[in-house]
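Reading through the structure tokens given below for one structure.
Please treat every number below as a calculation from the coordinates, not as lab data. The shown structure was predicted, so the numbers you read here are calculated from the model rather than taken from an experiment. Note that each Cβ is placed from the backbone with ideal geometry, even for glycine, and that neighbours are counted across all protein chains shown.
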Amino acid sequence: MKIYVTGVSGVGKSTLIEELKRRGITAFDLDAVKGLCHWKNKETGKKVNRTEGVGKDWLEAHDWVCDIKKLKKLLERKNKIVLAGVTSNQKDFLNLFDKIVLLRCKEKVFLKRLTERENNDFGRTKSEQKHILSWYKSFETEMLERNAFPLSSEELVSEIAEKIIKKLNF
């Protein structure tokens with residue numbers, strides 16, 4: 001069983017991955033796997049580096065993409081695996097997963113988490129938050145239309161992990 005956990009920045013994907021790992025489940029945060037994802041200029045297609053606080057205009061000119069070949073190699077390592085992330089090209093690799101989980105929470109919750117988190121600087125600035133707010137509702141709708149299993153990330157992370165394990169027969 002291969003499960004993909006997605007949701008906007010700040011919903012708790014990385015925290016959930018750490019909880020699943022603690023329980024002995026093979027789990028990865030796409031952002032944390034060296035060389036798996038990168039920023040790409042939409043016009044030139046070239047890889048670029050992002051610096052903290054680049055803002056909405058920069059984000060609209062670039063995509064965070066996953067290297068699908070590397071992702072396939074990672075998925076081959078285990079029969080039971082959970083990966084979490086959100087990338088511009090994820091619709092191109094969702095078919096590699098048996099189940100999709102959509103973590104959701106209220107806007108005020110994920111915006112607060114973005115400003116307080118220490119493991120990632122993405123989304124701290126008002127401009128970056130404005131960018132996230134411009135697309136997250138349509139993103140969630142698209143994931144639900146793809147039969148993603150919705151879970152509230154406003155619960156304790158231990159409860160979310162338990163739901164994934166039980167409800168998805170993992």
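Could you line up L94, L75, L103 from fewest to most neighbouring Cβ atoms inside 10 Å?
So the ranking, lowest neighbour count to highest, is L94, L75, L103.
Sequence neighbours fewer than 8 away in the same chain don't count; with that in mind, list the lysines whose C-alpha is under 23 Å from K78.
Reachable lysines: K2, K13, K21, K34, K69, K70, K91, K99, K163, K166, K167.
Taking the chain as a Gaussian network, Cα atoms linked when under 10 Å apart, which of K99, K78, K40 shows the biggest mean-square fluctuation?
The residue with the greatest mean-square fluctuation here is K78.
Determine, for L144, L83, L151, the number of other Cβ atoms within 10 Å of each Cβ, and report the residues in order from fewest to most.
Taking fewest neighbouring Cβ atoms as first place, the list is L144, L151, L83.
Could you tell me how many degrees, from 0 to 90 and to the nearest 10, lie between the Cα long axis of helix 126-145 and the main elongation axis, the longest principal axis, of the Cα atoms of the chain?
40
Picking from G12, T125, I100, whose Cα lies most toward the positive end of the charge dipole for the chain (charges on Cβ: Lys, Arg +1; Asp, Glu -1)?
After comparing all options, I get I100.
Please give the length that would be gained between K42 and S134 if that part of the chain were fully extended, namely 0.36 nm times their separation in residues minus their C-alpha to C-alpha distance (nm, one decimal).
Extra length from K42 to S134 when fully extended: 31.3 nm.
Return the calculated 222 nm mean residue ellipticity for the chain, to the nearest 500 deg cm²/dmol, obtained by summing -39500 (n - 2.57) across DSSP H runs with n ≥ 4 and dividing by the residue count.
Mean residue ellipticity at 222 nm (helix-derived): -11500 deg cm²/dmol.
For T141 and E162, compute 0.36 nm times the residue count separating them, minus their Cα-Cα distance, and round to one decimal in nm.
Length difference between fully extended and current span is 5.1 nm.
Among residues other than N169 whose Cβ falls under 14 Å from its Cβ, what is the net charge (Lys/Arg +1, Asp/Glu -1)?
Residues near N169 contribute +4 overall.
Set the Förster radius R0 to 22 Å, insert the Cβ-Cβ distance between K73 and K21 as r into 1/(1 + (r/R0)^6), and round the FRET efficiency to 0.05.
0.65
Quick one: Y136, Y4, fewest Cβ neighbours within 10 Å first, how do they rank?
Taking fewest neighbouring Cβ atoms as first place, the list is Y136, Y4.
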